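Every number here is computed from the coordinates shown, using simple stated rules; none is lab data. Here the structure is a predicted model, which means the values were calculated and not measured. Here the Cβ positions follow ideal geometry from the backbone for every residue, glycine too, while neighbour counts run over all protein chains shown.
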Amino acid sequence: MKRCVVVTRFAPSQPGYLDFAYRIEALSRHFEVLLVSDHPLDVPEMDIECVRQYTLPGGESQLGWFRYLWNAARFVRQQRPDCVILLHTLAAPLAHWVGGIPTALYWNEHAIRLKSGGPAPLVKRLYQDWRHRYFFIDAARRVDLLMPIGEAHHHDLLAQGCRPERTKMIYMGVDERFRGVSLARDRRDPDAPLELIYTGTVQKARGRDVMLDAMATVARAGVPARLTLVGASPEERDYCMARAGQLGIADAVTVHGRVPGGEIPSHIAQADAGICIWEDKPWWRFNPPTKLFEYLVAGLPVLASNIRTHTQYISEGRNGLIFEYDSDSLAGAIRTLWERRGELPAFKQRAFESSTPYLWENIEPVFLQSIEELACR
């Protein structure tokens, strides 16, 4: 078997690993895979047979990031694999340092997120611009295979001068465990509360307070609805439960911590609709969220905030509803869904039918063929 080194850069608190795990598991059936990270990947998703894991020194600071990247580059050069896959945008700088080994880069988030959002001295801004350009854009131009996860990333990378013949858009993918799990949910009681779900990182910038305030608004309006949050840190869980108590909706909100990816479908199966909500930050205008595709594959209509990485895939009234990023607008979407609850079976069917391009079984052959071609160079 050919040898492949996969270099990652995950946050220790990251709630989701499935799209990365799909790729590593697929590679493990065709390559000898060496998986590199800066901390032990002690999560069920990364317990993949025949994959050898290596933990290299690094750290959470910017200096720790540089240290990890340098150690990873040295590891790759020592191993001399047939190919190297940089399985995160934050691993992109290695493209400069791997010594001519065929390299693929999984472009899963926009690097402008690393820039300071507030005012900064001129020297600092110049450094940030140089870092962004050299470490990310120049690295993306340099790799042999560039794999953006969505249309917005793809168009942006081409505009930045990346070669079209080396750039292949490949969706994150959703596996078989999610397929149609929500379609079987039977609302025998038409007046039973709407069951809403949000999966992923729970933070203020990701709509935490907007969701809780919207739930309070619909409760006051007499709309029966319940919200389940999956993926909260212990601190965020405490905050959400305290805030729900203050708003008088403690009985309508359930908060779970991080759960293994294999358990997400069972949570989604209990819902009538999924929520995708992001504050309109520049970097989130490029990153379609994993949860959006998981909802659709499950057959779950999506309540999506009005940002292009949602509206690219969600059509108003067809496979979801669009709302502005504020609690009143989200409450209006929930109220509309309640008023149209009799249409939920058709809504779910349309959501499921729109999910075919995002099934991992349709994406995996394209991904593997691209990597095999890379390794043969």
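For Lys348, go through the lysines and keep the ones whose alpha-carbon is under 30 Å away, minus same-chain ones fewer than eight residues off.
Cross-link targets: Lys204, Lys281, Lys291.
Near the amide H of Leu105, under 5 Å away, which other amide H atoms are found, from residues 5 or more places off or on another chain, if H is placed in the peptide plane?
HN-HN under 5 Å from Leu105: Leu86, Leu145, Leu146, Met147.
Quick check on packing: order 21-34, 68-81 by the mean number of other C-beta atoms within 10 Å, highest mean leading.
Top of the packing list down: 21-34, 68-81.
Long-range amide H contacts for Val255: which residues qualify at under 5 Å (H placed 1.01 Å from N, peptide plane, sequence gap of 5 or more or a different chain)?
Here the answer is Leu229, since their amide H atoms fall under 5 Å of that of Val255.
Quick check: pseudo-label points 7 Å beyond the Cα along Cα→Cβ at Ser329 and Lys2, how many nm apart are they?
4.6
For region 254-260, what does the Karplus curve 6.51 cos²θ - 1.76 cosθ + 1.60, with θ = phi - 60°, yield as ³J(HN,Hα) per residue in whole Hz, taken in order and with x for Gly and Pro?
Listing the rounded values in order: 10, 10, 10, x, 5, 10, x Hz.
Which residues in region 28-69 place their backbone N less than 19 Å from a point set 7 Å from the Cα of Tyr127 along the Cα-to-Cβ direction?
Only 59-69 fall inside the zone, counting backbone N under 19 Å.
Dipole of region 176-358, Cα-centred, from +1 at each Lys and Arg C-beta and -1 at each Asp and Glu C-beta, to the nearest 20 debye?
Values: 23 positive and 23 negative charges, 65 e Å.
Using only the charged Cβ atoms, the result is roughly 320 debye.
Rounded to the nearest 500 deg cm²/dmol, what is the calculated helix-only ellipticity per residue at 222 nm for the chain, with -39500 (n - 2.57) per DSSP H run of length n ≥ 4?
It lands at -10500 deg cm²/dmol.
Classify region 27-87: rounded, prolate or oblate, from the alpha-carbon gyration tensor (a ≥ b ≥ c, eigenvalue square roots; a/c under 1.5 rounded; otherwise prolate if a/b is larger than b/c)?
Oblate shape, in that a/c is at least 1.5 and b/c is the bigger or equal ratio.
Which ³J(HN,Hα) values in Hz, rounded to whole numbers, follow from the phi angles of region 35-43 under the Karplus curve 6.51 cos²θ - 1.76 cosθ + 1.60, where θ = phi - 60° and Gly and Pro get x?
Whole-Hz 3J(HN,Hα) from phi for region 35-43: 9, 10, 9, 9, 8, x, 8, 8, 10.
So for region 319-377, taking the charge dipole from beta-carbon charges (+1 Lys/Arg, -1 Asp/Glu), which of Tyr358, Leu321, Gly342 sits furthest toward the positive end?
Gly342
Quick one: dipole size for the chain, taken about the Cα centre, charges +1 on Lys/Arg Cβ and -1 on Asp/Glu Cβ, in debye to the nearest 20. Display every interim value, and only then the final one.
Values: 45 positive and 45 negative charges, 242 e Å.
So the magnitude is around 1160 debye.
Between region 204-279 and region 124-163, what's the alpha-carbon centroid distance in Å?
When both Cα centres are located, 35 Å separates them.
Most mobile of Arg237, Arg335, Arg125 per a Gaussian network model of the chain (Cα springs, under 10 Å)?
Arg125
Which percent, to the nearest 5, of DSSP beta bridges fully inside the chain are antiparallel? Don't jump to the answer; show the numbers that get you there.
Working: 0 of 44 bridges.
Taking every DSSP beta bridge within the chain, about 0 percent pair in antiparallel fashion.
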